[in-house]
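Everything on this sheet refers to the single structure shown next.
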Amino acid sequence: MASRFPLSLTLVLFGVIPCAAGPVSVEGIAAEWQRYEAELRQQGFRGTATTEYRRESDAGQSLTTLTTAFACKGDGLRYEILPESKGNPSAGIQAFGMNGRYAFELRNRQPEAKQQSGNWLLHDIVVGTDPEAPLRSLVRDHSSHLFPLLDFNFLPLSQMPLSPQARANTSGQDTTTLAISGVTIRSFANAVFIHEAKLELAGNPYSVLQGGTAKIRMNKTDGVVTVSRQFRLVDGLPVPTKSVTVEDYSSASMKLILRRETTYEVELGGAFEGDEFTLTHYGLPEPPGVEWERPTPTYVWLLLAAGVLGVIAVGCRWLLKRRAKAVPPPVPPTPTA
């Protein structure tokens, strides 16, 4: 099975079969990927993802379902495995989060409880901004499913280093084909090498991933990975609706097929709580030395506004009284004889 937690990537890109439209700028494609992720993070988004995992091997078949809730805004993100996940031992007991100050992993002591707040326990935390810190890398890479239009089988395209010799070609009016070779994904457990991959990118907008295939080798076993992505446009920004990934491995002694089909319900923008990506959101204390600037509560602004209006009213009343005293009363006309 392909790694879910890539730690380092080394790759070389090469040109594909030339076509009439000619090569396109790979640097431009990379810039579009980064711009797309930046705009997603700037607007913020939240939603749920429900994934069906099907496994077929010589030993038989199995099916598990995993439902996660997630939110992302700026450098903050969080996601939780929901209790309605079926056939998965981690259902309802894990939550991950990351912000500009620290990353954390939580465990739920009562995963079956309907009310989840107050049941979270801190399992691991790393304070600091080091992107290579194991837990921060774990949270970042494990959350790659939040950006499926920039992810090829857990390979984050927006973070991909490009070779100066990289080339890509338009393969149609609205698509671009990008060929990849020599990708090494190293993880805690194994290393996956992608011999060759062809990615189909949406020509407009943002060159997001639409599909592709790859020949890979993992633990001396050869395999083929096929992916497809579906999305809708919300104010011109692609929002994922469905993704399918099939991994087919075979060797002289085994046969294994893994299929992941995910349905997304994503909402762009909206209101985000000030502590949404912190431990406070889960009812836990902040790490020692970490203090956040708290926004002024709404009721304080309302009290200030009421006070200002009161001062204005008193001032206006005082001016009216002063004006009344300054103006002499009218003199009644003298009666004539």
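The values are calculated or read from the model by the stated rules, or taken from the named source; none is laboratory data. What you see is a predicted model; the values in this text were computed from it and never measured. Because the Cβ atoms are built from the backbone with ideal geometry, glycine has one as well, and the counts that use them run over all protein chains shown.
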Has region 252-262 got at least one residue that is touching a Leu at 6+ places or on another chain (Cβ under 8 Å), at pLDDT below 90 and not aromatic (Phe, Trp, Tyr)?
no
Working only within region 24-38, note down all residues that are touching a Leu at 6+ places or on another chain (Cβ under 8 Å) and within 23 Å of GLU80 (Cα to Cα).
GLU37
Residue ranges of strands (runs of 3 or more DSSP E) in region 138-221 with at least 2 members at pLDDT below 70, touching a strand residue (DSSP E or B) at 6+ places or on another chain (Cβ under 6 Å) and surrounded by 14 or more Cβ atoms within 10 Å (Cβ to Cβ)
168-170, 175-186
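Here's the yes/no breakdown for (1) surrounded by 16 or more Cβ atoms within 10 Å (Cβ to Cβ); (2) more than 15 Å from HIS145 (Cα to Cα); (3) modelled with pLDDT of 90 or more; (4) touching a helix residue (DSSP H, G or I) at 6+ places or on another chain (Cβ under 9 Å):
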position	(1), (2), (3), (4)
SER8	no, yes, no, no
LEU11	yes, yes, no, no
PHE14	no, yes, no, no
ILE81	yes, no, no, no
GLY87	no, yes, no, no
GLN94	yes, yes, no, no
Which residues, taken from region 254-268, are under 25 Å from ILE216 (Cβ atoms), among the hydrophobic types (A, V, I, L, M, F, W, C) and in a strand (DSSP E or B)?
LEU256, ILE257, LEU258
Pairs only if they're at least six apart or on different chains, beta carbon under 7 angstrom, first in region 286-310 and at pLDDT 80 or above, second among the basic types (Lys, Arg); list them, first residue then second.
VAL290/ARG101
For ARG41, are the conditions met, namely being in contact with a Gly (Cβ under 6 Å, 6 or more places away or on another chain), at pLDDT 90 or above, part of a helix (DSSP H, G or I) and among the charged types (D, E, K, R)?
yes
